[in-house]
Amino acid sequence: MSEQLPETDYQIPRNGLAWLLAAMFSALLPHMLRLPVWVTLICLLCGVWKLMVYRGRWRGPGRLLRMLLVFGGGAAVFAHYGTLAGPDAGSALLILGFCFKLIESRTRRDAFIVVILGYFVVAVSFFFDQSILLSLYLALVCVMVTAALLGLNQSPLYTRPRRTLRLSLRLVGYSLPMLLLLFVLVPRIGPIWSLDLGQGRAKTGLSETISAGDIAQLSQSSELAFRVEFEPGSPVPAAQDRYWRALVLEHYDGRRWTRGLELDKADRVDWQSNGSRWRGPRQQGSEAGLNRYDYQVMMEPTDQPWLFALAWARSDSRGVGATRDFRLLRDKPVGHPFQYQVSSTTGLSLDAAGLPAWLRRANLQLPDTDPRTRILAQRLWRDSSDAQDYIQRVLQYFNQQNFTYTLRPPLLIGDRVDQFLFESRRGFCSHYAGAFVFLMRAAGLPARIVAGYQGGELNPLGGYLLVHQFDAHAWVEVWLPGRGWVRFDPTAWVSPERVEQGLEQAMEQEGSFLADSPLSPLRYRGSAWITQLRLGWDYLNYGWYRIMLGYDAKMQRELLSRLFDKVDLMLLATLLLSSLGAVLMGLAWLIFRRSGLRTPTDPLLKLYRGLCRRLARKGLRPESGEPPSSFVRRAATELPEQALALQRIARQFERCLYAPSADEQDPQLQRLRVQLRRLSL
């Protein structure tokens, strides 16, 4: 009995190693911007190390060095992230383990483990980004990992990487029908576990505090904030009416506006009996002159729980509810693209019957600062007949005095409202909103800042709105007896272009629109072809997010209900099993047809079979197991008149057999083809 040779010191075949290294570096590319630099350097070193081991110039790591690498890598990850849990630290550990396993692989089993880890490294990238470009790129990386898996099952002497790649593409193509069926038919259920993907990672967007220059800095960002698609039959509000609420800021400490000490009461929500959805506070007011908008929002990740909607919004989406100050919140931070349905009704009177004492107190609070602003408020109040007249006088003050709307306001210190109103008079929306609220409260009128976004660009390809970070805006709500909370935007009295046409037109003379992003296509909206390309690409991405990432249980039911009267788990199971069975049978037939039932396409085999047919006419046929060269030499002894030509053909068959080539233009094959053509039989 022959003993099986041990697998120690197993050498990965050259073809498999080449594809494995290529797949490793390709899989690392999406992680490089997130990972510490030292992780990337270690991965590069491991790749070079494995290559040197393969070439026999270096030795693999010993037991002590392997232990140092494992524990040292874990300690370094813990020192950098402060934890070994979570997506960032976990992905760093996985990538280090993948690279360490590559250099210490000593058996065939180790090599297969490295390949399996490669698939996991690819999958982890989807924790952080699910865009269409990254998905296509990672699909290509999966093809490369599959090519490495094929390379492990090939001879060490096999050196045709392009042929391995073609076979890998074919295998991945075979899996696509099954992938599509699983995507469409597997029941969509909520996750039984979740990851906090936002922990420790900063995002561009609004924050819970606003100082004078915060929104001005945000308005230099061209990143997308959210998309809005209105339902068929629902009107699209005019540009000057697109106020997307996100935050209500009530407390001012002389430097910045925050949400205040009454946060718990302001955010109190009621739960329905099933505990799955929020129910907002009741609205008060007349039904006359109301405008209703029904739409859905596709929101980019913010790592914050607040959502964006037009005034007085309600949502039936799971995990979304309304707060006491008429905002929408999610029950957890938005760490990935999130889609929710909204119904907004403008024109309602909210809190018209009166304010609770705690809410009135919170919206009249002022620090003991800015004496000149208080004197201005007292003077304007004495000259006013009522609260509405006072508000109008304040707005006219902003309009008639020499105020300038700018993204480059001067730095304010000390009594900042005084300096803004009486000295600099240059500011952004947060300057005007903060000063307006101060003047309202100084006159005894409850007021607050509302932060969110204003405007939006219509994409005609899909009929939806694009709202970017530079659309960030702050405005004011003032409580008036009998009317409730009423919106006022002092910025519109200084720069009407900002509200009616957008930030780009408002900053046209100053030239500060996206000054820090010279390559952003949004800076060149005057170019028709650039705008068409940008909107077309966004339409493609929006479709990807809606169909692929937004495919949930509701969309699944709507899709299947078009074909079947009743959609339940039994129907899904029946469809899934029967469809998978049909796909597997089709793939099996295709594979068997390609491998066994089709005429071989090897050019050398074609030439040999052609010669066999010609010799068969002379009564000569190859015996079972007889090599081609032996059969041709036997034919030479039976046909002495063609003996010399057949001997040459036999030797040429041997040359081609031991130097195989699939290329029809190979010189050896060409020479054999000429010799067969000259053979007279």
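Remark: pairs (first residue in the stretch 626-640, within 18 Å of LEU672 (Cβ to Cβ); second residue among the aromatic types (Phe, Trp, Tyr); Cβ separation under 8 Å; 6+ apart in sequence or on different chains) = PRO628/TYR608; PRO628/PHE653; SER629/PHE653; VAL632/PHE653.
Of the residues in the stretch 395-415, at least one is under 30 Å from LEU307 (Cα atoms) and either out of contact with any Phe, Trp or Tyr (no Cβ under 8 Å at 6 or more places or on another chain) or without any contact (Cβ under 8 Å) to a residue 60 or more places away in the chain (or both). Within the stretch 429-444, residues that are under 16 Å from ARG361 (Cα atoms) reach partners that are of a type in the set (D, E, K, R) and open to solvent by 10 Å² or more (accessible area, probe 1.4 Å) with beta carbons closer than 7 Å, at six or more positions or on different chains, in the pairs ALA442/ARG374.
For the stretch 28-80, the set of residues classified as outside any helix (DSSP H, G or I), touching a residue at least 12 places away in the same chain (Cβ under 8 Å) and within 33 Å of the chain's Cα centre (by Cα) consists of ARG34, LEU35, PRO36, listed by residue number.
Inclusion of SER194 among residues that are part of a loop (DSSP other than H, G, I, E, B), among the polar types (S, T, N, Q) and either at pLDDT below 85 or open to solvent by 30 Å² or more (accessible area, probe 1.4 Å) (or both) is warranted.
All conditions in (1) surrounded by 14 or more Cβ atoms within 10 Å (Cβ to Cβ); (2) in contact with a Lys or Arg (Cβ under 9 Å, 6 or more places away or on another chain); (3) not basic (Lys, Arg) hold for ASN402, with the sole exception of (1).
In the stretch 315-373, of all residues being among the aromatic types (Phe, Trp, Tyr) and more than 30 Å from ARG255 (Cβ to Cβ), the one that is modelled with the lowest pLDDT corresponds to PHE338. Can TYR608 be described as among the hydroxyl-bearing types (Ser, Thr, Tyr), crowded, with 17+ Cβ neighbours inside 10 Å and either on the phi < 0 side of the Ramachandran plot or in contact with a Gly (Cβ under 8 Å, 6 or more places away or on another chain) (or both)? Here the answer is yes, as TYR608 does meet what is asked.
Annotation note: of LEU395, LEU411, LEU366, LEU380, the sole residue that is open to solvent by less than 20 Å² (accessible area, probe 1.4 Å), under 49 Å from the mean Cα position of the chain (by Cα) and not small (Gly, Ala, Ser) is LEU395.
Reported count of residues in the stretch 387-436, each being in a loop (DSSP other than H, G, I, E, B) and among the polar types (S, T, N, Q), is 3. Residues that are open to solvent by less than 50 Å² (accessible area, probe 1.4 Å), charged (D, E, K, R) and farther than 18 Å from ILE113 by Cα within the stretch 43-101 comprise just one, ASP88.
The values are calculated or read from the model by the stated rules, or taken from the named source; none is laboratory data. None of these values were measured; they are calculated from a predicted model. Cβ coordinates were reconstructed from backbone atoms using ideal geometry, including for glycine residues, and neighbour counts include every protein chain displayed. Remember, those area values only see protein heavy atoms, side chains included, never the ligands or the DNA or RNA. Shrake-Rupley method; radii C 1.70, N 1.55, O 1.52, S 1.80 Å.
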